[in-house]
Amino acid sequence: MALRNVKLTITYDGSAYHGWQIQPGFTTIQQTVQEAVRSLLGPNVRVCGASRTDAGVHAVGQVGLIQIDSPVPTENLARALTDRLPEDIAVVAAEDVRMGFDVIGEVTRKLYRYTIYNGPMRPVLHRNYCWHVTPNLDVGAMDAAAQAFVGKKDFKSFASSADSRPHSVRTVFRCNVTEKTEEDNHWVYVEVEGDGFLYNMVRNIVGSLAEVGLGRWPPEKIAQVLAAQDRRAAGPIAPPNGLCLMWIRYD
């Protein structure tokens, strides 16, 4: 039977996992998905992921790639794999792609959304999916500051010191901060769409925008932090539980 490449769209609640990437001694999303894939399709199948989300980070549209020679039809794979996965992970789509498809290198855009609950009371039922910020945030100032991130920029100031990649230039297509009030619940959303992201980049962006929203920084400081190319110039990192990978796109 001929080999075929299958692209999987995966959604998960990352609360119980030590991120996406397989790590010895830790339970990860990639390991858990790979075990389900191997139980259905054979012991040597590997799952390659398009984005390495951190511990506690969630995804609606993570993308994985498997190469198989199984008789299982592609249209049946999503349901069959989901049946073998725990309740906090699901494969929502499977589709054949050409051989040679590069699940990482051919990415053109990704969208991350960060959720902040802005209010005095602890959001108990949503605690795994948002950052609780008690003081009132100036969302207009945050959105104005966020525009400094748009364009092709060096984001070294917003990369973790653990990021060993040689180049820190990325293109951000849009960065918006919006708010939504539902009864007494006040939600703030930071959306960042780019061609790629450095390690902890989005969480560092959100932490810095929060400094603006809390009135500690003027919006103009974001441009200064970008120019500094020094992580110490940026604000504190936002916690992982508010971050969700929404989608990944290819040409």
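May I ask you to list the trypsin sites (Lys or Arg not before Pro) in the stretch 157-238 that are in a DSSP loop and have at most 15 other Cβ atoms within 10 Å of their Cβ?
Sites meeting the loop and neighbour criteria: 216.
Hey, what number do you get for the chain at 222 nm if only DSSP H runs of n ≥ 4 count, each worth -39500 (n - 2.57), divided across all residues, to the nearest 500?
-6000 deg cm²/dmol
Can you give me the Cα centroid spacing of the stretch 1-41 and the stretch 43-95 in angstrom?
For the stretch 1-41 versus the stretch 43-95, the Cα centre distance is 6 Å.
Using Cα pairs under 8 angstrom and six or more residues apart, how large is the relative contact order of the stretch 4-97, in percent?
Reported as a whole number, the value is 44 percent.
List the residues, sorted by chain then number, that are 5 or more residues from residue 93 or on another chain and whose placed amide H is less than 5 Å from its amide H.
9
Could you check the spin-label model distance between residue 183 and residue 16? Points 7 Å from the Cα along Cα→Cβ, value in nm.
So the label points at residue 183 and residue 16 sit 2.8 nm apart.
For the chain, calculate the relative contact order in percent as a whole number, restricting contacts to Cα pairs under 8 Å that are 6 or more residues apart.
24 percent
With the contact rule set at Cα under 8 Å and sequence spacing of 6 or more, what percent relative contact order holds for the stretch 149-251?
So the answer I get is 31 percent.
Does anything in the stretch 44-75 have its amide N under 17 Å from the 7 Å Cα→Cβ label point of residue 92, and if so which residues?
50-51, 53, 57-65
Through the Karplus equation 6.51 cos²θ - 1.76 cosθ + 1.60, θ set to phi - 60°, convert the phi angles of the stretch 106-116 into ³J(HN,Hα) values in whole Hz; use x for Gly and Pro.
Result, rounded to whole Hz: 9, 5, 10, 8, 9, 10, 10, 10, 10, 10, 10.
For a test of the definition: using alpha carbon positions, the gyration tensor, and the 1.5 limit on a/c, classify the chain as rounded, prolate or oblate.
In terms of gyration-tensor shape, prolate.
Any chance you could count the Lys pairs in the chain whose alpha carbons are under 29 Å apart, treating pairs 8 or more apart or on different chains as valid?
11
Since every read-out is calculated from the coordinates, none of them should be taken as a lab result. Being a predicted model, the structure only gives us computed values, none of them experimental. Here the Cβ is made from the backbone with ideal geometry for all residues, glycine too, and neighbour counts use every protein chain on show.
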